[in-house]
Structures are given as structure tokens and as C-alpha cells.
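Following: one structure in C-alpha cells, then a few remarks.
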Amino acid sequence: MPELGQFLGALMVSVAHARRIADEEATAIAEYYKSHPLLEGMSHPRIRVREMVVEIPLLVETLEEGEANIPEDHETVVEELMKELDDAAKEEDVELNEQFVRRFRNVLSRQLRRVAIGTGGTIRSPREAVARSVELAFAKQVKRMQAENPRWIRPEQAKAISAELRNRAFEVALKRVGQPPAVMVSAVTAEVKDKATAANISRIRLTVTEEGLEWTSIEGADGARSHTLTPE
């Protein structure tokens, strides 16, 4: 028995694959036109489904309740991030003195307590709140240390360490990832015919609009290339 989101997702995936199959055939036709003495000067056909409307009868079988996220306790998060701070600083060849480490730990601990109180442990995705708390605590202490010793750390080093702390915060913010509620449905024709009545059948009218993506390649100053998917 599929979940409603999976069922609708499968329909949209099928439309995307239909576009792929049509484009593959379009390239084959283009090659044929190119080799034909009378067709080579003509534009070759390419079929696109700009919009598709599907009306589907469904039986809603059950509604499964979701599960809330279980945040990691802030003491564990602090310890994990302190380890990451030490590793990232060594990687960037930045020396952390005892005063900076102590201040960062204290500020980070206060920030994470505020996150826990503010969300009550029920926020759907607390990772961003934790990551921002880490970035803020680190930025505060870097600014404070630079006021005392401007040459202590370079901007690119601080940026790299902050990025590592943020990534680690996302990894350790949750003890267990929750699950959203799920609507379980039946769309098999035989089942719908056998079980459906005027009182329990539901209908979904789904309009799927196609948009294309294309790869964009950009060469940086160092010669490295980055590839990004952008709308057509």
C-alpha cells in the first residue's frame, strides 16, 4: 500500500522519464534528418508535454501519525563541536589558546540552551537553528580575539573553520530524525472498483507542468570547473 506522496511522486517521475525517452528519440530523428538528402535542411520534430492533467480515483486507507524529531542534548552537541573546532583549527594551522576555547564553549552552551527552550524540542527541523547558534558563537569569539590580536587568524581561515563547524552541527543536532504524517492510499483499479462507494472514494486532479534543466559549466580563475543545473 503506497503512501500518497510516493504515489504522486511516482507519477511525476514517470513524466520526467517520458521527457527523456522523447528526447532520445528526437536525437535519433535528428541524425536521420541529417543523413537524408531531402530532410537535412528541415527542422526536426521534438515533442514536449508542457502540461498534463490526470484525474485519479483513490481510496484513503489509513492515516499514519508522524514522529517528532528528537534533538540531541546540548551537552553532547557542545562536546562534538569542540572536537570539530580543534580538528578544523589544526587543519587550517590556527592556534587556539585556552581563553578562546573556554569563551567559545560558554557562549555556544548558552546559545544551544536558548535553542532548546525556544523550540521546546518540537521544531520540525532544528538543524538550522543549531548551525546558526554555532556560527554566531564562533563569530563572536573571533571578533573578540581579533580586537586583542588582529593577526591571530586570517578571514579565509575563520571562514573555513566556521563552515566545518556548521556542517558538523547539522550532523549532530538530532538524536533521531522524525517522520511526517503519511496518508496511505490504494489506486489499483481492481481494488478501487471492489471497495469504492460514493461515500469513501476520493478523486485527485493533478496538473503536472514540465520545466527543463540544463547543465551550466563555469571555469574559475584557478582553472577548476563547476557544473550547475539551471532552468532552460
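Summed over region 52-108, residues that are closer than 30 Å to residue 207 by Cβ and either of a type in the set (A, V, I, L, M) or part of a strand (DSSP E or B) (or both) total 13. Close contacts from region 166-194, counting a first residue that is polar (S, T, N, Q) and a second that is in a helix (DSSP H, G or I), with Cβ to Cβ under 8 Å and a gap of 6+ residues or different chains, come to 186/192; 186/195.
A quick yes/no check of all residues on (1) surrounded by 10 or more Cβ atoms within 10 Å (Cβ to Cβ); (2) touching a helix residue (DSSP H, G or I) at 6+ places or on another chain (Cβ under 6 Å); (3) part of a helix (DSSP H, G or I):
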position	(1), (2), (3)
134	yes, yes, yes
161	yes, yes, yes
165	yes, yes, yes
193	no, no, yes
211	no, no, no
217	no, no, no
227	no, no, no
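Pairing residues of region 14-39 that are within 19 Å of residue 211 (Cβ to Cβ) with residues that are of a type in the set (Asp, Glu), at Cβ distances under 9 Å and at least 6 apart in sequence or on separate chains, gives 15/210; 16/210; 19/210. Can you tell me which residue is modelled with the lowest pLDDT among those in region 25-51 that are of a type in the set (A, V, I, L, M) and either surrounded by 10 or more Cβ atoms within 10 Å (Cβ to Cβ) or in a helix (DSSP H, G or I) (or both)? Applying the filter and picking the extreme gives 49.
The values are calculated or read from the model by the stated rules, or taken from the named source; none is laboratory data. Because the structure is a prediction, the values reported are computed rather than measured. Using ideal geometry, Cβ is built from the backbone for each residue, glycine included, and neighbour counts are taken over all protein chains shown.
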